[in-house]
Amino acid sequence: MATIEGAEVLITSPGRNFVTLRITTSDGTTGLGDATLNGRELAVASYLSEHVVPLLIGSDPQRIEDTWQYLYRGAYWRRGPVTMAAIAAVDVALWDIKGKMAGMPVYQLLGGASRRGALAYGHASGSDIPSLFTSIRNHLDEGFAAIRVQTGVPGLGQVYGVAGDQKPGQRYDYEPASRGAAPSEESWDSRAYLRHIPTVFAAVRDEFGPELPLLHDGHHRLTPNQAASLGKSLEPHDLFWLEDCTPGENQEGLRRVRSQTTTPLAIGEVFNSVFDYQTLITEQLMDYVRSAVTHTGGITALKKIMDFAAVYQIKSGFHGPTDVSPVGQAAALHLDLSIHNFGIQEYMKHSDDTLRVFRTSYTFDGGLLHPGDAPGLGVEYDDALAESFSYTAAYLPVNRLQDGTVHDW
Ligand code: CS2
Ligand code: MG
C-alpha cells in the first residue's frame with residue numbers, strides 16, 4: 001500500500017499570490033491542493049508546513065474522509081478561514097491522488113456527470129454606464145451566457161468590483177489585493193449606492209433585454225434593512241442573484257431580507273463551515289451557496305454542504321475569483337459537474353502567467369465550463385516557472401465611510 005512520503009507547500013506569485021500543497025506518495029503519485037487565502041497567504045502556508053505536513057507523512061493517502069476528520073477534530077481548535085483552507089488543500093490533493101490511482105477524473109469518483117457542463121458567469125464592470133456596456137459586450141463576445149454587473153457609484157472613488165474600464169476585446173482584470181506593506185483604502189456611502197444600483201440595472205435591461213441572466217454582488221456592505229430595500233428595488237430587473245447583500249455571519253439578519261423581497265440571494269464566500277450556513281439553509285433564507293472548495297475544507301466538506309442544501313432546494317454558486325487558484329477552480333468544476341443541485345459557477349479568467357504556472361485541463365465552451373477527463377483534477381504545476389514569480393505581501397482594501405469609520409469592503 002502506498003503511503004504519503006512528502007508534502008510541499010509551494011508559494012508563487014504570477015501577478016498575484018497563490019499557495020499550493022503538493023502531496024507525493026511512496027509510489028510517486030502526486031496530488032495538488034489550493035491553500036490560497038487572499039491577503040493572509042502565509043498564515044495558511046505556516047499552518048500547513050508547521051502543523052499539518054509532519055502529521056501526514058507515512059499515512060494512507062486513500063483515507064480521505066478519515067484524514068479530514070483527523071485534521072478537523074484532531075486540531076481541537078475548529079473552523080476559521082486559515083484552518084479550513086489548510087484542510088481543504090490536503091483534501092483536494094488527496095482527491096487528485098485518488099483520481100490518478102483510479103485513472104479517472106475526480107467527478108467520476110463523485111458519482112459521474114449530471115450535466116454537459118457548468119453554466120459560468122463572468123464579471124463585467126465599468127466606472128460608468130457606457131464603460132459597463134463595453135465590458136458586458138466583451139463578455140458576451142467571449143461566450144459568457146451569464147454576467148455579473150458592478151459599477152462605480154457617482155460621488156465615490158474606487159469601489160469593490162470595478163476594474164479599469166476595458167476596451168473592446170480587453171480581458172476583465174481586477175486584482176483587489178494591492179501589493180505592499182499596507183492595504184489601500186476605499187470610501188463608501190451606502191445611500192449613494194442604493195440610489196444608483198437600480199438605475200444601472202434598468203439601463204442594462206433596456207440595452208441587453210430581459211433574458212440575459214444578470215448577477216450583482218453587494219459584497220457585505222448593507223444592513224439587513226438596506227439589503228431588503230435593494231432586493232425589492234431590483235425585482236423589476238429579474239436578477240439571477242443578489243450576492244452577499246448583508247454580512248452573512250448574522251444569519252438571522254437574512255430573515256428580514258427574505259421577508260421583504262423575492263430577489264434570489266447568494267451568500268457564503270467568506271464562510272468556511274456548514275455551521276455558517278445552518279440557519280440560512282434550514283430556514284431557506286438563501287438560494288445559492290457561494291463557498292469556494294478552497295475556503296470550506298475541500299471537496300469532501302463542500303459536497304456535504306451541498307447535499308444538506310439539496311434538502312431545501314438550495315443550489316450551488318461556487319466562488320471562482322482569480323484569488324482561487326486554477327487548482328481550486330478545477331476542484332470546484334468536478335463538484336459542479338457531479339452534484340444534482342448545481343446552480344452556476346463563477347469564472348474570472350486567470351492571467352496568462354498564472355495559466356503557464358498551473359497547466360489546466362478545464363475548458364470553457366458555449367458558456368459552459370467542463371473540468372476535462374484527465375485523471376484526478378487535471379492540473380499540473382510548473383515548479384521552475386512558479387519559482388520565478390516570488391511572493392510579495394498583498395492586502396485587500398479597507399473600506400471607510402465618509403466620516404472615516406471602517407466599513408465592510
Ligand atoms: C468577490 C471576490 O468574486 C466575488 O464574488 O466577492 O472576488 C472577493 O472580492 C475576493 O475573493 C476577495 O479576495
Ligand atoms: Mg462576492
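The values are calculated or read from the model by the stated rules, or taken from the named source; none is laboratory data. Please read all numbers here as calculations on a predicted model, not as lab measurements. Don't worry about glycine lacking a Cβ; one is built from the backbone with ideal geometry, like all the others, and counts go over all protein chains shown. In case anyone asks, the SASA skips ligands and DNA or RNA and just uses the protein heavy atoms, side chains included. Shrake-Rupley method; radii C 1.70, N 1.55, O 1.52, S 1.80 Å.
Pairs of alpha-carbon atoms within less than 8 angstrom and 6+ residues apart define the contacts here; what relative contact order does the range 303-409 have, in percent?
On the way: 119 pairs, mean separation 22.8, N = 107.
Averaging sequence separation for qualifying contacts and normalising by length gives 21 percent for the range 303-409.
Students sometimes get this wrong: rank V44, V406, V398 by accessible area, probe 1.4 Å, all chains present, largest first.
Values: V44 0, V406 90, V398 45 Å².
Ranking V44, V406, V398 by accessible area, largest first, yields V406, V398, V44.
Could you work out the helix-only [θ] at 222 nm for the chain, with each DSSP H run of four or more residues adding -39,500 (n - 2.57) and the total divided by the number of residues, to the nearest 500 deg cm²/dmol?
Details: 14 runs with 144 residues, N = 409.
Mean residue ellipticity at 222 nm (helix-derived): -10500 deg cm²/dmol.
Of all accessible surface on the chain at a 1.4 Å probe, what whole percent is carbon and sulfur? Display every interim value, and only then the final one.
Numbers: 8040 of 15590 Å².
Whole-percent figure for carbon plus sulfur exposure: 52.
For the range 321-337, what does the Karplus curve 6.51 cos²θ - 1.76 cosθ + 1.60, with θ = phi - 60°, yield as ³J(HN,Hα) per residue in whole Hz, taken in order and with x for Gly and Pro?
x, 6, 8, 9, 6, x, 5, x, 5, 4, 4, 5, 5, 5, 5, 3, 6
Taking the Cα centre of the chain as origin, work out the dipole magnitude from +1 charges on Lys and Arg Cβ and -1 charges on Asp and Glu Cβ, in debye rounded to 20. Show your work: numbers first, answer last.
Numbers: 32 positive and 48 negative charges, 139 e Å.
Dipole size: approximately 660 debye.
Order W77, W241, most accessible first, counting only protein heavy atoms with a 1.4 angstrom probe. Kindly include the intermediate steps, with their values, before the conclusion.
Details: W77 190, W241 0 Å².
Result, largest first: W77, W241.
What figure, in Å² to the nearest 10, do you get for the accessible area of L385 with a 1.4 Å probe and non-protein molecules left out?
Rounded to the nearest 10, that gives 50 Å².
Rank A310, W241, T300 by how far each Cα sits towards the positive end of the charge dipole of the chain (+1 on Lys, Arg Cβ; -1 on Asp, Glu Cβ) and give me just the farthest.
Result: A310, furthest along the dipole toward the positive end.
Is the shape of the chain rounded, prolate or oblate, going by the alpha carbon gyration tensor and its root eigenvalues a ≥ b ≥ c, with a/c under 1.5 for rounded and a/b larger than b/c for prolate?
Working: a/c = 1.60, a/b = 1.54, b/c = 1.04.
Prolate.
Kindly identify the range 4-103 as rounded, prolate or oblate by the Cα gyration tensor criterion: order the square roots of the eigenvalues as a ≥ b ≥ c, call it rounded if a/c is under 1.5, otherwise compare a/b with b/c, prolate if a/b is larger, else oblate. If you can, show how the numbers build up before the last one.
Details: a/c = 1.87, a/b = 1.22, b/c = 1.53.
Cα axes put the range 4-103 in the oblate bin.
So what does K304 come to for accessible area, using a 1.4 Å probe and Å² rounded to 10?
100
Just to verify a number: what accessible area does T392 come out at with the full protein assembly present, 1.4 Å probe, Å² rounded to tens?
Its heavy atoms expose roughly 50 Å² to the probe.
Using a cut-off of under 20 Å, list every residue of the range 380-399 whose amide N is near the label point 7 Å from the Cα of A182 along the Cα-to-beta-carbon line.
Zone members listed by number: 392-399.
Modelling each spin label as a point 7 Å along the Cα-to-Cβ direction, I'd like the E142/I57 distance in nm, to one decimal.
Label at E142, label at I57, 4.3 nm between them.
Per residue, how large is the accessible surface of the chain? Use a 1.4 angstrom probe and give square angstrom.
Working: 15590 Å² over 409 residues.
Accessible surface, normalised per residue, equals 38 Å².
Run through the DSSP bridge list for the chain and note the antiparallel percent, rounded to the nearest 5.
Working: 25 of 48 bridges.
DSSP beta bridges in the chain are roughly 50 percent antiparallel.
Along the Cα→Cβ direction, 7 angstrom out, place labels at H196 and F308. What is the inter-label distance in nm?
Using points 7 Å along Cα→Cβ, the separation is 3.7 nm.
Using a Gaussian network model on the chain with a 10 Å cutoff between Cα atoms, which of R16, R116, R256 fluctuates the most?
For the chain, modelled as a Gaussian network with Cα springs under 10 Å, the answer is R116.
Gain in length, R73 to I129, computed as 0.36 nm per residue apart minus the alpha-carbon separation, to one decimal in nm? Walk me through the intermediate numbers first.
Values: separation 56, 0.36 × 56 = 20.16 nm, distance 5.00 nm.
So the chain would gain 15.2 nm between R73 and I129.
Work out how much length Q158 to T363 would gain on full extension: take 0.36 nm times their residue separation and subtract the Cα-Cα distance, in nm to one decimal. Present the calculation step by step, with values, prior to reporting the outcome.
Numbers: separation 205, 0.36 × 205 = 73.80 nm, distance 3.25 nm.
Net length gain for the segment: 70.5 nm.
Less than 13 Å Cβ to Cβ from A202, Lys/Arg counted +1 and Asp/Glu -1: what total charge do the surrounding residues give? Intermediate values should be presented prior to the final figure.
Values: positive: R195, R205; negative: D206, E207, E235, D238.
Local net charge: -2.
Give the residue list of GluC sites (Glu not before Pro) in the range 176-259 that are DSSP loop and have at most 12 other beta-carbon atoms within 10 angstrom. The partial results should precede the final answer.
Values: sites: E185, E186, E207, E211, E243, E249, E252; in loops: E211, E249, E252.
Here the GluC sites (Glu not before Pro) that fit, given the DSSP loop and packing criteria, are E211, E249, E252.
Please compute the volume of the convex hull spanned by the alpha-carbon atoms of the range 321-409 and report it per residue in Å³.
151
Give me the number: length gained by fully extending D408 to M1, i.e. 0.36 nm times residue separation minus the C-alpha to C-alpha distance, one decimal in nm.
Details: separation 407, 0.36 × 407 = 146.52 nm, distance 4.96 nm.
Fully extending the segment from D408 to M1 adds 141.6 nm.
Obtain the nm distance between the two label points defined at L401 and F275 by a simple spin-label model: each point lies 7 Å from its Cα along the Cα-to-C-beta direction.
3.1
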